[in-house]
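Working notes, structure below.
What follows is calculated from the coordinates using simple rules that are stated; it is not laboratory data. No experiment lies behind these values; they were computed from the predicted model shown. Because the Cβ atoms are built from the backbone with ideal geometry, glycine has one as well, and the counts that use them run over all protein chains shown.
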Amino acid sequence: MTVDFRRVIRPVAIGTIALLTEYALLGTQQFANALTLGAIYALIALGYTMVYGIVELINFAHGDIFMVGSFLAMWIMTTLLGLSGPVTNLLNLVGLLSIVMFATMVGMGFIGMFIERFAYRPLRHAPRLAPLITAIGVSFILQNIISSLFGPSPVNVPQIVPLDKFAFMGGKIGYLNVFMVVLAVVLMIALQLFVGRTRLGRAMRSTAQDREAAELMGVDINQTIAITFFIAAALAGAGGVIQGLYFGSIKFDLGFFVGLKAFTAAVLGGIGNTTGAAIGGFIIAFVEVYATVLGYTQWSEVAVFTVLILVLVFRPSGLLGQQLGERA
Amino acid sequence: MKYGKLGALGAGALLVFSACSGTTATAAPGTSTAPGGSSAVAAGAWCVGGTVKIGTELPMSGGETANGAPTANGVKLAIKQQNAKGGVAGCKLDINVQDDALNGVHDPQTGAKNMQTLVADAAVMGVVGPFNSGVAKAEIPISNGAGLLMCSPANTNNGVTQPPEGDTYRKTNPTKISYIRTASPDSIQGPSAADYLYKDLGKTSVYIIDDTETFGVGVGDTFQAEFKKLGGNVVKRDSAPKSTTDYTPLFTAAAALNPQGVYLAGTTPTGMGLALKQGRTVSGLETVPFVGPDGVADLGPGGTQGATITIAGAASHDVYGTVGSAHDLADNTFTAAYTTEFGGAPGAYSAAAYACAQIIIASLDKASATATDLASAREGVRANAVNSANSFTTVLGSLNFDKYGDNVHPFISFYKVDMTLAGGKGDWTFVKQESFSDPNAQ
């Protein structure tokens, strides 16, 4: 079995170099902060990149899907499960987290499919600007629904994971931070395996490559695209869960900036490339945290979008290159 | 080419159109029958339709509810009590409520639009508000041009009134100022907090974070200058815009410098509530005092929508705050009347808003003697209120204003959070108050 340079060695090399540089510049404590933030960005960036890969739509509502996910998780925790504070029994905690995570991901998956069915599918053959505008419209619809349901002020999320920390290499790391990063990595690996090793994954790849040909080969295009939206929204939902658990507070307009940064991450890694999106998420988080460490918090967003512009100018296909079909 | 398009689309998405959500609500005044005592006087010809209005221009919704709603209630109470006495010179009072919160956070453009609405309503004799200094700077040029009095219970930024910056907001009528305020400016509020942290709490080093807004930067600067003057060490100063969601890296970097206290220079709706909540979780900052200005010390108990303690939750312990108004009132019937009327304790600036309404009422009473129509009554209110020779008996004590519109007898009250109050959710308790002299007397 030969090792494919493009698919394996280059991502691993870029990922390792990026992580080592981050660690050297930030130190243990801030590195942990950057990784945690990166986990959230990466989970959202995956959704942007998957949707772009398959229908070439920049789904600007995706940041808001993430936001809705955080509210859904909050609602499940408070209203359905009646939680209000830390759960100290480890077994209970694992059980509750699994329930919240599973329910939110499935719930968001269906919301993602619903949006695709009614907002994007009717416009699939329209000029490309039409679905883009629709995406912005969906973004506002989601924000306004949440704003009217939960109010425009920040809403507290019960922090069911105790905020305990352990000493590690000169810093203090929260168990929650570890959980978030591990969860993100596990979901990313699961996604890679799904796309690379299953029938549905193959259908997704073939649809991305050449939709008409895939259809001629018997791939159900509508179903494949719907599943892509399901997975993208489910990942955003997982991001929403950990966003709430980590920050303890969510707001209806949370998705806009986070979504924009995750989009930047997707472009940075090479849009359409899932590994690239994950690495891009961690790099964007690093840029943001590093700007803060240097004392330029006000400029952190400028730094993030400067990175976007530089990438578009000098390496328009992103760090790992785009993975798109013939028509792209 | 394709990627160029992608970038352009990304840029296009940044141009987001937000719908404005200014609301106009006209609340009916309380009782309209004059009880015994002053006999009902027939309203003069100037009082068109038998009713004039006091406007309020405050952030009323979303995260700002804990700021604006109790403040507007102060005005509602004053109007109700005045109408019970038969109104002003036989003319009944009504209220015109404007909300400058956009998506739950105060917004200068919305405030400016609201001020245009109030100016256009000829029955509005004076306006109580705004709450936030950044909003005031957008509104004063409009009220100055129209000659409509604004009395702010809560603005504290020095540049709102004081030259050279203050002059730029009253260019249309430089000699006819239209704005007065009862709160202490930040040249008093910031240093008071610094004195409190350094002398009363005995902390010699501090980390300062501001919200990049007019008020936050201003109060942060004055705090920083005073803390240094006292011999304290400002370990770091950061500015984080209100769009910030992750304050952890900021506080992690600051915690490495071992500050003994934190100053939150800003308001809770613009991020200081989240900063408190997240900063507390950072190693080394679990128990240090967090001190905030009136934008943090909203005096809302835990559970009130948008209140600091509600947002920060269990992180609200060891939190202190300053308010640019008196706590011990000259008229101690106010608190009881307020609680009876609205079923809760007054907010940080309820009494000050009540005082502003009293000033507008007293000025209108004086102006009604010579007024011939609504426009001349409005101008009379403005001229009487800003006249530094006039002093007003209010709930805060006797007030008069200097040539820039600043209160010549400002107060600072100090509060701290007691987590055992409000059924374990926490509430603010009064610590002490101090009085100061005219901020522009030097």
If R0 = 22 Å, then B:GLU165 and B:GLN109, at their Cβ-Cβ distance, give a FRET efficiency to the nearest 0.05 of 0.65
Taking every other residue with Cβ under 15 Å from the Cβ of A:LEU260 and scoring Lys and Arg +1, Asp and Glu -1, one gets -4
With +1 at each Lys and Arg Cβ and -1 at each Asp and Glu Cβ, the charge dipole magnitude of chain B around its Cα centre, to the nearest 20 debye, comes out at 480
Residues other than B:SER368 with Cβ under 15 Å of its Cβ, Lys/Arg counted +1 and Asp/Glu -1, net out at +3
Taking every other residue with Cβ under 15 Å from the Cβ of A:TYR290 and scoring Lys and Arg +1, Asp and Glu -1, one gets -4
Per residue of B:103-109, other chain Cβ atoms within 10 Å number on average 3
By the mean-Cβ-within-10 Å protection proxy, highest first, A:309-321, B:395-407 rank as B:395-407, A:309-321
When the charge dipole of the stretch A:5-314 is computed with +1 at the Cβ of Lys and Arg and -1 at the Cβ of Asp and Glu, the Cα pointing farthest to the positive end, of A:PHE286, A:PHE257, A:VAL12, is that of A:VAL12
Once A:LEU310 and A:ARG199 are pulled to full extension, the length gained, defined as 0.36 nm per residue separation minus their Cα-Cα distance, is 36.2 nm
A chain fully extended from B:GLN433 to B:GLU341 at 0.36 nm per residue, minus the present Cα-Cα distance, gains in nm 30.5 nm
In degrees rounded to 10, the 0-90 angle between helix B:108-120 Cα long axis and the longest Cα principal axis of chain B is 0
Computed for the protein assembly as shown: size of charge dipole around the Cα centre, +1 on C-beta of each Lys and Arg, -1 on C-beta of each Asp and Glu, debye to nearest 20, value 1620
Quick calc of log₁₀ I(q)/I(0), chain A, Debye, one scatterer on every Cα, no solvent, q values 0.10, 0.12 1/Å, result -0.56, -0.82
Most fluctuating of B:GLY300, B:GLY261, B:GLY423 in the GNM of chain B (C-alpha, under 10 Å) is B:GLY423
So for the stretch A:238-328, using the alpha carbon gyration tensor with a ≥ b ≥ c as root eigenvalues (a/c under 1.5 gives rounded; past that, a/b versus b/c decides prolate or oblate), I'd call it oblate
Shielding of A:144-152 by other chains, given as the mean Cβ count within 10 Å, works out to 3
Which of A:GLU56, A:GLU212, A:GLU288 fluctuates most in a GNM of chain A (C-alpha springs under 10 Å)? That residue is A:GLU212
Connecting every pair of Cα atoms under 10 Å apart in chain A and solving the GNM, the largest mean-square fluctuation among A:THR88, A:THR264, A:THR297 falls on A:THR88
Mean per-residue count of partner chain Cβ within 10 Å for A:126-133 equals 1
Along the dipole axis of the protein assembly as shown (charges at Cβ: +1 for Lys and Arg, -1 for Asp and Glu; origin at the Cα centre), the most positive-end residue among A:MET67, A:ALA233, B:ALA377 is A:ALA233
With 0.36 nm assigned to each residue of separation and the Cα-Cα distance removed, A:PHE118 to A:ASN144 gains 7.6 nm
Rounded to 0.05, the calculated FRET efficiency for the beta carbons of A:GLU212 and A:LEU90 at R₀ = 60 Å is 0.70
Square roots of five times the C-alpha gyration tensor eigenvalues of the protein assembly as shown, ordered largest first and given in whole Å, equal 52, 29, 23
Any helix of chain A counts here only if DSSP assigns it H throughout, its Cα atoms span 27 Å or more along the axis, and its mean Kyte-Doolittle hydropathy is at least 1.0, and such helices are A:10-55, A:90-115, A:129-150, A:175-197, A:221-247, A:274-293
The rounded separation in angstrom of the Cα centers of the stretch B:343-412 and the stretch A:81-96 is 55
